[in-house]
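Everything below concerns the one structure shown next.
Taken together, the values in this text are just the output of simple stated rules run on the coordinates, not laboratory data. Treat the numbers as computed from the prediction; the structure is a model and nothing was measured. A quick note on method: Cβ atoms are made from the backbone with ideal geometry, for glycine too, and the neighbour counts reach across all protein chains shown.
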Amino acid sequence: MADMKDFRFSREHEWVRAEGKKAYIGISDYAQNALGDIVFVELPETGAKLSAGDVLGVVESVKAASDIYSPVSGTVIETNQELADAPEKINEAPYDSWIAVVELDDESELDELMDFDDYEKFCKEEA
Amino acid sequence: MKKTPLYDRHLKLGAKMIEFGGWMMPVQYEGILEEHEGVRNAAGLFDVSHMGEILIRGHEALQFIQKLVTNDISKAAAGQAVYSPMCNPEGGVVDDLLIYRLGEQEFLLVVNAANTEKDYRWITEHKEAGVHIEDVSYQYSLLALQGPKAESILKKLTDEPLEEIRYYRFRPDVEINGIKTLVSRSGYTGEDGFEIYVSPDKVEKLWDDLLEAGKEEGLKPAGLGARDTLRFEAALPLYGHELSEEISPLEAGLGRFVKLNKGEFIGRSALAAQDVQGVKRKLVGFEMTDRGIPRHGYDIYADGDKIGFVTTGSYSPTLRKNIGLGLVKAGYSETGTEIQVAVRNKNLKAVVVKTPFYKRK
């Protein structure tokens, strides 16, 4: 299990884990649970330039398609091809199942996101 | 928002509740995929008490219903159920329903939850002398026990010879563990199974008894999510998707439930004209060949033109493929026809295939 100290969260239930300028992005446990069985993931193109709030990809459950937004600005440098064949990994291990790696334009954007404790409180209020 | 008597039980079982047709209903308990597979391989128990029931009786009841619906119910004996669309004068579908013939001149119409009020209004607007119409939805709760193990599970709780109840037949007074029910061999999953009508004050006990009796066989509660994927694989139409006021039963491939020669009925002349001229649109099944999931409302293209739209699309848990039903121009309905589905502004390739996608062995 990942160390939750390293994660930052958006209000749209994405997580970011930064290693220097590299930001791994995925969806939270709350999000995967709300979506239900995930059966399809549409990954972004590598090289795509994103502003915070842009659509990063799409995750589809049995019932519906949901856009995933990038919580940070930057360039997509890697996508998780494993999810194309095994989208259920997001249900099984949401914090290990990154969707894409974005090279950050501005690391200070991370400060605007919630830490795990604040995010947990945020989820409780949403429920 | 209405709640069925099982609402608290659903919450206790950890169900996710959604609004559906004016009711709060369980969409899933453990997960749609698991519940879907459970019904295909063992059995599932569904609370479908949101369905509406309308009782029509009186010495002109049979003739009256014959004018309301497209199928011929005169040939059904008491104890038989008949599926039928009910059309408007233009041949569009007001609703699709199950008609139980309780007696010579007594019929129970089971209608879609979201359409119950509309149907009741429609039927009473066309009321004739010698018929009595009553919305009796409040008198019935409804459980669907579906799957290959359904009969062996239900057998544990009743002395009724269930094997004698054939498909689309019912018995109006079956005792299940001491509870009086109407048991019908029917369903909406593509599997064998029963639909069990019971008084709302008895449904909690019946639900508990059935789940207990089916433990060994792997019976689990199943939600509306699995009900939808199950009916979709069996290519059973869902009102609001494959059927609507703007889609005729002939376009939806339900011609076998439209009896143009049975005498006058609402929509007959429009449907007869469609039958003679051939329908302009047809419901087809398709399978995605590119990666992507078709969804309700997505446009369908061929040869650079828009030719129709997706009525239902999903990942198929049984086939492990992305499949859809769509209403397309009649020239594109042949099996093997290549089409494209517009998924998020990208045209993805698909091919027309035979329906149903799934048929039980």
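By count of other Cβ within 10 Å, fewest leading, how are B:94, B:276, B:39 ordered?
So the ranking, lowest neighbour count to highest, is B:276, B:94, B:39.
Name the shape class, rounded, prolate or oblate, that the alpha-carbon gyration tensor gives for region A:4-119, where a ≥ b ≥ c are the square roots of its eigenvalues, rounded holds for a/c under 1.5, and otherwise prolate holds if a/b is larger than b/c and oblate otherwise. Intermediate results must be reported in sequence, preceding the final value.
Working: a/c = 1.76, a/b = 1.28, b/c = 1.37.
It is oblate, given that a/c is not under 1.5 and a/b is not larger than b/c.
Suppose each label sits 7 Å from its Cα in the direction of the beta carbon; what would the residue B:155-residue B:291 distance come out to in nanometres?
That separation, rounded to one decimal, is 4.7 nm.
What list do you get for B:166, B:344 if you sort them by fewest beta carbons within 10 Å? Before the final figure, lay out each step's value.
Values: B:166 9, B:344 13.
Lowest count first: B:166, B:344.
Can you list the aspartates and glutamates whose alpha carbon is less than 13 Å from that of residue A:63, not counting same-chain residues fewer than 8 positions off?
Cα-Cα hits under 13 Å: A:37, B:228.
What whole number of Å gives the distance from the Cα centroid of region B:279-330 to the Cα centroid of region B:166-222?
Region B:166-222 and region B:279-330 have Cα centres spaced 34 Å from each other.
Using θ = phi - 60° and the Karplus curve 6.51 cos²θ - 1.76 cosθ + 1.60, what whole-Hz ³J(HN,Hα) does each residue of region B:241-255 get, with Gly and Pro shown as x?
In residue order, the calculated couplings are 10, 7, 10, 6, 5, 9, 10, 8, x, 5, 5, 7, x, 9, x Hz.
Taking 24 Å as the cut-off for C-alpha to C-alpha distance, list the pairs among B:155/B:220; B:321/B:349; B:149/B:259 that go past it.
B:149/B:259
Tell me whether region B:211-361 comes out rounded, prolate or oblate; compute the Cα gyration tensor, take square roots of the eigenvalues as a ≥ b ≥ c, and use a/c under 1.5 as the rounded threshold.
Working: a/c = 2.29, a/b = 1.17, b/c = 1.96.
The shape class here is oblate.
For residue B:127, go through the lysines and keep the ones whose alpha-carbon is under 19 Å away, minus same-chain ones fewer than eight residues off.
B:67, B:118
Counting other beta carbons within 10 Å of each residue's own, what order do A:113, B:142 fall into, fewest first?
Working: A:113 19, B:142 23.
Fewest-to-most Cβ neighbours within 10 Å comes out as A:113, B:142.
With a ≥ b ≥ c taken as the square roots of the eigenvalues of the C-alpha gyration tensor of chain B, please select rounded if a/c is under 1.5 and otherwise prolate if a/b is larger than b/c or oblate if it is not?
Values: a/c = 1.89, a/b = 1.15, b/c = 1.64.
Verdict is oblate for chain B.
Roughly how many whole Å is it from the C-alpha centroid of region A:87-116 to that of region B:223-262?
Comparing the Cα centres of region A:87-116 and region B:223-262, I get a distance of 43 Å.
Give me the extension gain from residue B:175 to residue B:126: residue separation times 0.36 nm, minus the current Cα-Cα distance, reported in nm with one decimal. Write out the running numbers ahead of the final one.
Values: separation 49, 0.36 × 49 = 17.64 nm, distance 3.65 nm.
Residue separation times 0.36 nm, minus the Cα-Cα distance, leaves 14.0 nm.
Enter the Cα centre distance for the pair region B:41-120 and region A:38-55, rounded to the nearest angstrom.
Cα centroid of region B:41-120 versus Cα centroid of region A:38-55: 48 Å apart.
Could you work out how much longer the chain between residue B:275 and residue B:167 gets when fully extended? Use 0.36 nm per residue separation minus the Cα distance between them, nm to one decimal.
Numbers: separation 108, 0.36 × 108 = 38.88 nm, distance 2.87 nm.
Extending this stretch completely gives an extra 36.0 nm.
At 0.36 nm per residue, minus the direct Cα-Cα distance, what do residue B:59 and residue B:30 gain on full extension? Give it in nm, one decimal, please. Display every interim value, and only then the final one.
Working: separation 29, 0.36 × 29 = 10.44 nm, distance 4.87 nm.
Computed gain between residue B:59 and residue B:30 is 5.6 nm.
Would you mind giving the mean number of other chain beta-carbons within 10 Å of the Cβ of each residue in A:61-73, as a whole number?
Details: counts 8, 14, 11, 4, 5, 0, 1, 0, 0, 0, 0, 0, 0.
That works out to 3 on average.
Tell me which residues come under 5 Å, amide H to amide H, from residue B:111 once H is placed; ignore anything under 5 positions away on its chain.
When sequence neighbours closer than 5 places are left aside, the close amide H contacts are B:52, B:53, B:54.
Based on DSSP loop calls and a cut-off of at most 15 other Cβ atoms within 10 Å, the longest stretch of chain A free of exposed trypsin sites (Lys or Arg not before Pro) is what?
Numbers: sites that count: A:11, A:21.
That would be A:22-127.
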